[in-house]
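Reviewing the structure listed below.
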Amino acid sequence: MEKTELKDAFAEFKNLKNIDRPTMMGVLEDVFKTQLAKTYGSSDNFDIIINIDKGDCEIYRNREVVENVEDPNTQIALAEVNKDSDEYEIGETYAEKVEMKSFGRRGILNIRQNLQGRIMDIEKANLYNKYIAKIGEIFTGEVYQTWSKEVLILDEDGNELRLPKSEQIPGEHFKKNDTVKAIIKSVEMKNNTTPYIVLSRTSDEFLEKLFEQEVPEIYDGLITIKKVVRIPGERAKVAVESYDDRIDPIGACIGVKGARIIGIVRELRNENIDVLQWTNNTQLLIQRALSPAKISSIVPGEDGKIKVYMLPDEVKKGIGKGGCNIKLASMLVDQEIEVWRELPKQESGEEEEDVLLTEFENEIEPWIIEKLKSIGCDTAKSVLALSPEDIAKRADLEDETVADVLDILRSEFEE
């Protein structure tokens with residue numbers, strides 16, 4: 001290996017492979033020591049001096065000066081070192097420079113191959129570490145090739161990422177040079193090959209990240225996405241919560257005239273997205289999740305399922321196309337929901353069920369509910385039975401506040 005070749009190899013190692021200097025020095029030294037051990041039996045008595053900047057490498061073999069040589073690699077005869085002068089004595093160390101050509105053609109080839117292999121290993125490790133730290137982040141790349149089971153996408157450095165068919169939104173079709181946006185789902189090392197980087201467009205996290213990009217209030221932490229559930233390509237529900245009473249979380253996510261959410265819908269191939277306000281009240285969350293259907297009553301079942309009763313005209317809306325609405329609502333509350341038809345009260349002879357005021361905590365301020373409870377009203381119907389003037393006087397509430405409360409409660413029983 002000539003000096004020019006070695007300098008070129010160093011330049012490639014240093015500049016093109018983006019390897020830090022200590023790692024580079026260690027690898028180069030190890031590569032040469034490996035070959036020295038093959039050539040001489042051991043590399044322990046060799047000094048390797050590497051100058052990365054100049055592309056120089058000098059190797060010196062240190063041997064002990066002895067009278068009679070037993071190990072030619074570690075010992076040298078006194079007569080041999082003093083054949084031209086009497087500079088050395090027995091017991092001293094004789095340092096001799098090792099020329100690259102002494103490795104022979106095969107040895108030089110081994111050094112090159114070993115170095116290339118080590119470079120590839122470091123590249124794999126760097127690529128793996130780079131993307132393992134980016135799992136859960138949005139990635140945008142260009143389609144390089146498409147197959148029946150996956151799409152090959154390249155990043156700006158030419159690294160390969162895969163978008164399997166199972167992670168594509170149903171009905172999607174990509175062609176070469178298309179720009180694709182997806183979330184980095186996983187990174188795997190398979191049989192010491194190049195890291196297998198998997199992208200996804202169907203994961204719930206992808207939709208969550210799209211909202212973070214489009215809604216500044218979510219990115220800034222003023223609005224939190226509590227839960228996302230999806231049937232990719234069909235429908236999704238996003239439950240949000242605001243930590244600032246001045247911010248309407250649903251309005252902020254949708255934007256003026258839908259300006260914010262429309263970009264997300266287009267990115268997801270027109271997937272319908274319902275944004276609803278989060279609540280820890282399971283029954284209220286179910287009501288919001290099954291909107292626009294109106295629920296007559298909710299009854300927790302002994303088998304862990306939740307029975308939701310609706311009038312016949314509301315059942316279709318509650319279940320949704322292909323059952324996706326009821327399925328997503330079940331996913332949202334982590335319990336199976338069953339829809340049951342309920343006959344109108346004029347046919348069944350049953351009275352319309354009342355609702356506790358506590359179920360309106362996300363629509364009516366808690367302190368207002370406490371005021372109403374203080375005058376003996378703990379259900380919606382008990383409040384609606386009183387006149388607005390009586391409520392305002394007895395509960396010490398403003399007329400406007402009373403009017404808002406009554407509107408909310410009446411809407412609960414509207415058919």
Legend entry - Computed [θ] at 222 nm, deg cm²/dmol, the chain (DSSP H ≥ 4; -39,500 (n - 2.57); rounded to nearest 500): -11000 deg cm²/dmol
Inset, instruction - Report, in degrees rounded to the nearest 10, the 0 to 90 angle that the Cα long axis of helix 399-413 makes with the longest principal axis of the chain. - result: 80 degrees
Legend entry - Overall form of segment 251-410 per C-alpha gyration tensor (a/c, 1.5; a/b vs b/c): oblate
Inset, instruction - Rounded, prolate or oblate: pick one for segment 149-189, where a ≥ b ≥ c are the square roots of the eigenvalues of its C-alpha gyration tensor, a/c under 1.5 means rounded, and failing that, prolate if a/b is larger than b/c, else oblate. - result: oblate
Legend entry - Relative contact order (%) - criterion: Cα under 8 Å, at least six apart; region: segment 220-277: 39 percent
Inset, instruction - Once you've got the GNM for the chain with C-alpha springs shorter than 10 Å, pick whichever of 339, 275, 238 has the biggest mean-square fluctuation. - result: 339
Legend entry - Set of segment 121-144 residues, backbone N closer than 19 Å to the point 7 Å along the Cα-Cβ line of residue 175: 141-144
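Of all DSSP beta bridges in the chain, what percent run antiparallel (nearest 5)? Working shown, then result.
Values: 44 of 59 bridges.
That works out to approximately 75 percent antiparallel.
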Inset, instruction - Pop out the carbon and sulfur fraction of the accessible area of the chain as a percent, whole number, probe 1.4 Å. - result: 45 percent
Inset, instruction - Could you work out how far the C-alpha centroid of segment 287-304 sits from that of segment 95-124, in angstrom? - result: 72 Å
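Looking at segment 25-129, what % of its DSSP beta bridges pair antiparallel, to the nearest 5?
On the way: 12 of 15 bridges.
Rounded to the nearest five, the antiparallel share is 80 percent.
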Legend entry - Which of 113, 81, 186, positive extreme of dipole for segment 46-188 (C-beta unit charges): 186
Legend entry - Taking only Cα atoms of segment 274-314, radius of gyration then Dmax in Å: 10.8, 30
Inset, instruction - Straight distance only, please: which lysines reach the Cα of residue 373 with their own Cα at less than 23 Å, same-chain residues fewer than 8 apart left out? - result: 381, 393
Inset, instruction - Could you name the aspartates and glutamates whose alpha carbon sits less than 13 Å from that of residue 307, not counting residues in the same chain fewer than 8 places away? - result: 336, 338, 342
Inset, instruction - Please go through the residue pairs 165/227; 181/327; 134/327; 165/209 and name each one whose alpha carbons sit more than 29 Å apart in this structure. - result: 134/327
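Over segment 197-335, give the accessible area per residue in Å² for a 1.4 Å probe, as an integer. Can you show the working numbers first?
Numbers: 6580 Å² over 139 residues.
Accessible surface, normalised per residue, equals 47 Å².
The values are calculated or read from the model by the stated rules, or taken from the named source; none is laboratory data. Source: prediction; values computed, not measured. Reconstructed Cβ throughout: ideal geometry from the backbone, glycine too, with neighbour counts over all protein chains shown. Just the protein is used for accessible areas: all its heavy atoms, side chains included, with ligands, DNA and RNA removed. Shrake-Rupley method; radii C 1.70, N 1.55, O 1.52, S 1.80 Å.
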